[in-house]
Amino acid sequence: MTAASVEAVAQAGTFKVATWNIRSGMGIAGFSTTNWTSNTPNCNDRAQPLNAWGMALPQAELGKVRDDRSIVAFAVQEAWNCGNPSNVNNVLGFKDITGERNGTALAARYGFAGAPIYVNLGGQDWVVGGAVCLDAACSASVPVFSTHWTPPGDAFAPVAQRTIETLSHQGTSHVLLGDLNVYRVDAWNPEVPCTGSNSPARIDAIARMEAAGYADAWKSTQSGEGWTGMATRNGCGVPNGNLYKRIDYVYTKNLRAVATTRLARAAPGADAPSDHVMLVAELARQ
């Protein structure tokens, strides 16, 4: 972020970013649900079983993002089929959204200050995003990026390192949003049924991000659990069907997290618009 951009952020106050693994809009049907299914890509043909998108569950949550005008950037992962970037932005109504790379994309309410970047981290993993305008005039911008870590063979440490190297060229202040599929059991991710122990490689990926100066927005603003997955899994979580893993992150570099919250969170065992909740963070300059 340039000095002018930093000053403009200070004048404008805080801004918000959000991230959501939308699971192609398929959702997760509740334990007793019979009128739709989360096991189909069908969101249009009412002669056949519909998924969550067909029942308008994800759209209701996207509408909350649309209506909160302080959210300037929205990252999506698994944005395929019904939940593809075009369909997502038809609900959001943002000025611009990147192209999709293996389901990873970023929408910008006021557009981008320059051309977005698409960087392959190896395999199917990408970093997608760019300088997001903070107001309609684009008088200030902040680099924001979406990613989804799914490396083969548990190679999370290398993909974390490649992410750090990629973002090192994107300004001293920036934001990384996404489903990183890494966690460690701690105060923010207490162990409950199905949490299990994470691999050393995934824990090392977290350590690398922190060592590189990235602040975890949830840890910076919360004292309790921050589970973001996995919704409505029978036999998992407490109570049964509750979330049990914190695998979605807002990582900031030289930006201060002011507050965090979760949207799209269903009651344990109930219909969920995705198997992940949406993570929202309010940010300010350091």
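Seen against the Cα atoms of the chain and their longest principal axis, helix 200-211 is set at about 30 degrees.
Accessible surface comparison of 23, 66, probe 1.4 Å, protein chains only, largest first: the order is 66, 23.
Remark: relative contact order (the stretch 198-249) = 26 percent; criterion is Cα-Cα distance under 8 angstrom and separation of 6 or more residues.
Considering only alpha-carbon pairs that sit under 8 angstrom and 6 or more positions apart, the relative contact order computed for the stretch 164-272 is 34 percent. Plainly put, the stretch 1-152 has a radius of gyration that is 1.03 times its Kirkwood radius, both from alpha-carbon atoms, as the Rg/Rh ratio.
Considering only 80, 70, 43, and ranking their Cα positions along the charge dipole of the chain that arises from unit charges at the beta-carbon of Lys, Arg, Asp and Glu, the one farthest toward the positive end is 70. Counting charges near residue 64 (Lys, Arg +1; Asp, Glu -1) among other residues having Cβ under 12 Å from its Cβ returns a value of +2. Considering helices alone, the calculated mean residue ellipticity of the chain at 222 nm is -6000 deg cm²/dmol, with DSSP H runs of length four and up weighted by -39500 (n - 2.57) and normalised per residue.
Here the 3J(HN,Hα) profile of the stretch 18-25, calculated from phi with Karplus coefficients 6.51, -1.76 and 1.60 at θ = phi - 60°, is 8, 9, 8, 7, 8, 6, 6, x Hz, Gly and Pro shown as x. State the antiparallel share, in %, of DSSP beta bridges confined to the chain, rounding to the nearest 5. Here the antiparallel bridges make up roughly 80 percent for the chain. Taking amide H positions as modeled 1.01 Å from N, with prolines and chain starts lacking one, the residues under 5 Å from residue 245 and 5 or more places away or on another chain are 228, 229, 230.
Straightening the chain between residue 199 and residue 135 buys 18.9 nm, computed as 0.36 nm per residue apart minus the Cα-Cα spacing.
For residue 274, the residues 5 or more places off, or on other chains, whose built amide H falls under 5 Å of its own are 28. Taken about its Cα centre, the stretch 1-160 carries a charge dipole of about 260 debye when Lys and Arg each add +1 at the Cβ and Asp and Glu each add -1 at the Cβ.
When +1 charges are put on Lys and Arg Cβ atoms and -1 charges on Asp and Glu Cβ atoms, the dipole computed for the chain relative to its Cα centre reaches about 220 debye.
The local environment of residue 107, defined by Cβ-Cβ distances under 12 Å, has a net charge of +1 under the rule Lys, Arg +1 and Asp, Glu -1.
Using the 1.4 Å probe convention, the accessible area of the stretch 177-286 works out to 36 Å² per residue with neighbouring protein chains retained.
Shown in residue order for the stretch 59-66 are the 3J(HN,Hα) couplings computed by the Karplus curve 6.51 cos²θ - 1.76 cosθ + 1.60 at θ = phi - 60°: 4, 4, 6, 5, x, 5, 5, 4 Hz (x for Gly and Pro). Rounded, prolate or oblate: pick one for the stretch 39-121, where a ≥ b ≥ c are the square roots of the eigenvalues of its C-alpha gyration tensor, a/c under 1.5 means rounded, and failing that, prolate if a/b is larger than b/c, else oblate. Verdict is oblate for the stretch 39-121.
Backbone geometry of the stretch 160-177 corresponds, through the Karplus equation with coefficients 6.51, -1.76 and 1.60 at θ = phi - 60°, to 3J(HN,Hα) couplings of 5, 5, 5, 5, 4, 5, 4, 6, 5, 9, 10, x, 6, 10, 7, 10, 10, 10 Hz, x marking Gly and Pro. Distances between placed amide hydrogens fall under 5 Å for residue 73 paired with 18, 109, all partners being 5 or more residues away or on another chain.
Ligands, DNA and RNA excluded, the heavy atoms of residue 40 present near 20 Å² of accessible surface to a 1.4 Å solvent probe.
Largest mean-square fluctuation among 204, 271, 68, in a Gaussian network model of the chain whose springs join Cα atoms under 10 Å apart, belongs to 68.
Shown for the stretch 191-286: the carbon plus sulfur share of the solvent-accessible area, taken with all protein chains present and a 1.4 angstrom probe, equals 47%. Other residues with beta-carbon under 15 Å from the beta-carbon of residue 126 carry, at +1 per Lys or Arg and -1 per Asp or Glu, a net charge of -3. For the stretch 124-175, with all protein chains in place and a probe radius of 1.4 Å, 57% of the accessible heavy-atom surface sits on carbon or sulfur. Relative contact order, whole percent, for the chain stands at 22, derived from Cα pairs under 8 Å and 6 or more residues apart.
The values are calculated or read from the model by the stated rules, or taken from the named source; none is laboratory data. Treat the numbers as computed from the prediction; the structure is a model and nothing was measured. No Cβ is skipped: glycine too gets one built from the backbone with ideal geometry, and neighbour counts run over all protein chains shown. The area values use the complete protein model at the heavy-atom level, side chains included, leaving out ligands, DNA and RNA. Shrake-Rupley method; radii C 1.70, N 1.55, O 1.52, S 1.80 Å.
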